[in-house]
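Notes follow once the structure below has been shown.
Derivation of every value follows stated rules applied to the coordinates shown; laboratory data play no part. From a predicted model like this one, the values you see are computed outputs, not experimental measurements. Heads up, the Cβs are rebuilt from the backbone with ideal geometry, glycines too, and the neighbour counts pull from every protein chain shown.
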Amino acid sequence: MPSDAAEQNSAPPRRRLFFARYEKRLSIFAFALGFLWDSLTLTSIDRLFDNIALLSYLVIAFASIALINASRVRDSENPLLRRGVAFARFLLPFSFGGLFSGFLIFYSKSGPVLSSAPFFLFLLALFLGNEFFRRQYQRFVFQMSVFFAALFSYVELVVPVLVGRIGGTLFFVSGITALVLFFLVFATISRFSREEAKQSAFSLWTVVIGMFIAFNFLYFNNMIPPIPLSLKEIGIYHNVERTKSGEYRLSFEEAPWYRFGQETNAVFHRSGNEPIFAFSSVFAPSRLLTEVVHRWSYFDEQKQTWVDSTIITFPISGGREGGFRGYSKKGAISPGKWRVDVQTLRGQTIGRFVFEVVPALEAPKLAETTF
């Protein structure tokens, strides 16, 4: 009959066999758990809870990388260290999965996906590839490169909230801040794994500087969403008027039932020379002051391209949960395909509404709502 000591000695091997056998499933579980948690809890980058959640993921990722690499130069037979490393290998994909799912949530709120396709594809690759990169998490350069991408994405989200403004200069300065913070992280981890850090330094910094340049290229070519702005509402209306209570009364043609999530019809039946109103609501964090643009464009059928017609600029201020409301009005408008882009002054698209103007002999049936 086996002694208690023998059973205790067999526990660590059994635990290691369990992790080895179910490592892939545990990694998928960690990945899914991080995404589900973010989807249920993350709502606004200016909320304290959301920042605590993202910062916690960064701290967990940092601690996991430090522990995994420290185990390579310290006593690998230490049972406490072995258990810590096994747990860290589970926590690292969990934290990265949570971070990049959170970034997808926040960045996707700040503009159309197609307008920022390269950046979203990068985030999506890191998010969905989290499981397939499981083996790569053993490599120091890969660990730290993904960590920099996460750190950069977070800093670019939170700095505009703290400063209260957005723009190209702030984006670049925020990127430099991310580089400085990453250097401090690298220096700290180097103390636990000096030889690994020394051998990997050139390759790592080549990747990091390359990512920094790539992020700035995407931003200044309007391929990164205008964080932290996000579109709450946009539509085309027959009339917009301000009530005494401060609300807006909107008259519109209702969208067909199969247009899920769309209130106003994408076909505008214009009677006579009536004007067309574009109404939008843009969310901005508290204390943030900036300006947005309503860019009216029509589709030139002969040239097969969009042509700007009218550009209207107005200021917005952050803090309102439903977003800052504003509208523009256009009187001289011809039948055909039109669109209204809500943009920053730099031309970054926050949202868009595409519609068709069709002449009507009589006024269409209208619905009303207040916003």
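Once C-alpha pairs closer than 8 Å and six or more residues apart are averaged by separation and normalised to the residue number of segment 230-370, the relative contact order reads 32 percent. Sorting 157-166, 203-212, 307-316, 95-104 by their mean Cβ neighbour count within 10 Å, with the most densely packed peptide first, gives 95-104, 157-166, 203-212, 307-316. Reducing segment 174-189 and segment 254-283 to their Cα centroids gives an inter-centroid distance of 47 Å. Only lysine pairs 8 or more places apart, or on different chains, with alpha-carbon atoms under 30 angstrom apart are counted in segment 230-370, and they number 15.
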